[in-house]
1. From the phi angles alone, apply the Karplus equation (6.51, -1.76, 1.60; θ = phi - 60°) to segment B:28-36 and give each ³J(HN,Hα) in whole Hz, x where the residue is Gly or Pro.
2. Heavy atoms of the protein only, probe of 1.4 Å, neighbouring chains included. What is the accessible area of A:Ile183 in Å², nearest 10?
3. Counting only other residues whose beta carbon sits under 15 Å from that of A:Leu378, what net charge do I get with K and R as +1, D and E as -1?
4. Which value, in Å², gives the accessible area per residue of segment B:56-133 when a 1.4 Å probe is used on the protein heavy atoms?
5. Kindly provide log₁₀ I(q)/I(0) values, in the same order as q = 0.14 Å⁻¹, from the Debye equation applied to equal alpha-carbon scatterers of segment B:9-54.
6. Just want the answer: with Cβ charges of +1 for Lys and Arg and -1 for Asp and Glu, which residue in A:Val68, A:Ser217, A:Thr372 is farthest toward the dipole's positive end in the protein assembly as shown?
7. Expressed as a whole percent, how much of the Cα-Cα distance distribution for segment B:56-133 exceeds 20 Å?
8. In percent, how large is the relative contact order of segment B:56-133, given Cα pairs closer than 8 Å and 6 or more residues apart?
Amino acid sequence: MSLRGAIAIVGAAESTRLGKVPDMSALQLHVDAALNALADAGLEPSDIDGVASAGELPNDVADYLGIVPEYLDATNVGGCSYMLHVRHAMAAIASGLCSTVLVTHGESGRSRVGMRPWDPAPQSMMAQFEVPYGPLGAPSLFPIGVRRYMAEYGMSEEQFAMVPVVQREWASRNPRAKLRQAITVDDVLASPVIADPVHLSHCCLVTDGGGALVLTSADRARKLDAAAPPVYVLGAGESSESSVVSGLSSLTSSRAIERGGRAALAQAEVAHADVDHLMIYDAFAHVPLYGLEDLGFVGRGEAAAFVADRNTAPDGALPLNTNGGGLAYTHTGMYGMFAIQESVRQVRGSAPAQVEGVDVSVAVGVGGMFMTSGTLVLGSEATLG
Amino acid sequence: MKPVASPTPDTQEWFDRIDVGELTVAHCQNCALRFLYPRMCCPGCGSRAVGLIPVSGRGSVASWVVNHRGPGVFAEEAPYVIALVRLEEGPMLMSNILVEDPNAVSAGLPVRAEFEQRGERRVVQFVPEVGTV
Ligand SMILES: [Zn+2]
């Protein structure tokens, strides 16, 4: 049985404020976004019978909202966890385990209110085999393959700098984006070096914020009095690989993105040419390049030129990271929720930097340093025909 | 002091052998796969018949970053190189490349293992092969 289009997103919203929210804990940000998403769906907490979250536990989110759920999903595999929550909810709702699932994210990434410090557990393989060499966390470990990519495919520093340049163009069209000033390749290369070849402008923001989704069956979705038309989940996929970057099967691609992403596209029965809009989790500027290749939108080694030639820019053939991305819009730590939110807005036709006629949007998430990935293919009513 | 690993039972022997100046990789007696990190079973075939075998300590730089900022005591040494080293025998591991000029590091640079004393323990490190930089 195909689950293509079996469930729909009927509520989608971010926290009321993004950026610097020092007067809210991480849990409050989950709840703030949840209340906004419920209002968007025209539902009350009592209508929810399933809760999924990462960062905070779903039972804590449920209790805060007075929900007594019959379905809990505490999957936490990093920033793409929310893509996995949607996939799991697809199976749960379609099989009748529950009817309406609330997925929440909230993180006090910048103000660190009610947050544990980032520190890999001492027994983890990362702490044993990587921390002794002085990585600065993700900024050292995530982009460690970029030099290899440059050596194999000839990507120049200037091409690599075009990723943040193009995304800033999208951000400049989005009033909620944190960084809206246009930048040039020279600006990127003049920004402080963090972990060469990565400059500050290749790195995501660190912000406070939240986001939430309400999911239900396609049948129920059509009967609700929601603010916006349902956005259907056409396909979803997930995968994982090495616990340490030194164990990744490739330093120039992500097996997790490839495996999960291609499964999602296959389930959705969409060809690359059918995809109108794309979000690829950009914790660092190389991730969208790897993702474009892993999903097969371009061939191996072609992504940097594809971006530098403005294919992903406003008016380009494949609009990418149209909220400005983690580099310029917001990045709380587990950014995947915001990639989904922008895909939903684009399919609904309500994005600040709206692309003309989006019926199919793909949102790709990653977790850790390419250790996990989840991909969603979302579609409008027209895609169900 | 810079951090050292707190080994778990499945990695203890690998770190103990580093302490006596011996670099090893895990080896499967069933399918002959060599791998890191060391673990109680083979990631290729699931066999529990795994053990450590000594390696040459020679390898090459697969990829790297030059940290211009570092956590804690590492900050004083910036810029410094964090690399993934592909061992001659196959497996890859993380290391610093101890080199005067970080710009001398390149993809494929031949390197060999050294052992850095850190308090009670040793940490495996890599330096360029003589005459390569
Ligand atoms: Zn084996």
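The values are calculated or read from the model by the stated rules, or taken from the named source; none is laboratory data. Remember, predicted model here, so these are calculated numbers, not experimental data. Glycine gets a Cβ as well: all are built from the backbone with ideal geometry, and neighbour counts include every protein chain shown. Quick note on the areas: whole protein, heavy atoms, side chains included, nothing else; ligands and nucleic acids left out. Shrake-Rupley method; radii C 1.70, N 1.55, O 1.52, S 1.80 Å.
1. 8, 6, 8, 10, 6, 5, 9, 8, 9
2. Counting only protein heavy atoms, A:Ile183 exposes about 30 Å² to solvent.
3. Result for the neighbourhood of A:Leu378: -2.
4. Here the per-residue accessible area is 43 Å².
5. Values, matching the q order: -0.28.
6. Positive-most Cα among the choices belongs to A:Thr372.
7. Every Cα pair in segment B:56-133 considered, those over 20 Å come to 29 percent.
8. 30
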